[in-house]
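No value in this document is a laboratory result; all are computed from the given coordinates. These numbers were taken from a predicted model, which means no experiment stands behind them. Neighbour counts are summed over all protein chains in view; Cβ atoms, including those assigned to glycine, are modelled from backbone coordinates with ideal geometry.
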């Protein structure tokens, strides 16, 4: 357990479903991140939150909607996804953006 | 061309061997991270460095800022070191290498 908890670990959803991924950290970190890791591709940054405010949206389609209600929780709301969105979604946190990152175990998403 | 290049892509070693994984980057950075990803997907941060060398147990990370190059060394490798090792360069955001898949055979 790294201190960053992601749920669920695995998710299979249809293209018309709506689901949410959850990330939680109690490390006292002020920055939280969503990353996407597709097969055979480098990690891609999706969103960055710093002190609950979104500071980066890396040209992510609107079918992915992040929410950060407080510094400890981060959600990724999913709706009308495509099969190519199937990937490992990783959450990370850090104390300031220039410190070491702590990653969660990821949610493996399959869109059918 | 990826801004962060790792080599080799795949590496197979015998237990006990000395391992080196290389990372070259083309952007100005404030720090470089080495990450370890196990088969289940979870990622562990191994090192963050901005100059010189860091050591943790059997792992050593070095960086040469002028040459824009970093190396990760594993001494006395063990099968439990088998994982994907990812180099990440912190520029205006994090830029990731494609990873090096290491397999250490007993």
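Listed values, structure above:
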| quantity | calculated |
| --- | --- |
| Förster-model FRET efficiency, 30 Å R0, residue A:39 and residue B:91, C-beta, rounded to 0.05 | 0.75 |
| Förster radius 45 Å - calculated FRET efficiency between residue B:20 and residue A:110 (Cβ-Cβ, nearest 0.05) | 0.80 |
| Among B:66, B:36, B:14, residue whose mean-square fluctuation peaks in a GNM of chain B (springs only between Cα atoms under 10 Å) | B:66 |
| Two-decimal Rg/Rh across the stretch A:14-78, once Rg and the Kirkwood Rh are taken from alpha-carbon atoms | 0.98 |
| Chain B: antiparallel DSSP beta bridges as a percent of all, rounded to 5 | 90 |
| Relative exposure of A:46, A:15, judged by other C-beta atoms within 10 Å (fewest first) | A:15, A:46 |
| For a label point 7 Å along the Cα-to-beta-carbon line of residue B:76, residues of the stretch B:17-59 with backbone N under 12 Å | B:17, B:57-59 |
| Cα gyration tensor of the protein assembly as shown - equivalent ellipsoid semi-axes, whole Å, descending | 30, 20, 16 |
| Three principal axis lengths of chain A [C-alpha, angstrom, descending] | 37, 26, 24 |
| Exposure proxy order (Cβ contacts within 10 Å, fewest to most) of B:55, B:68 | B:55, B:68 |
| Per-pair calculated FRET efficiency, R0 = 25 Å: residue B:66 and residue B:44 via Cβ, rounded to 0.05 | 0.30 |
| Chain A: antiparallel DSSP beta bridges as a percent of all, rounded to 5 | 90 |
| Cα centroid separation, the stretch B:1-64 to the stretch A:67-112 (Å) | 23 |
| Directionally averaged shadow of the stretch B:1-83, computed from the convex hull of its alpha-carbon atoms, nm² | 5.8 |
| Top of A:62, A:86, A:94 by mean-square fluctuation, Gaussian network on chain A, Cα under 10 Å | A:62 |
| Kirkwood hydrodynamic radius over Cα pairs of the stretch A:62-112, then Stokes diffusion coefficient at 37 °C and 0.692 mPa s, in µm²/s | 262 |
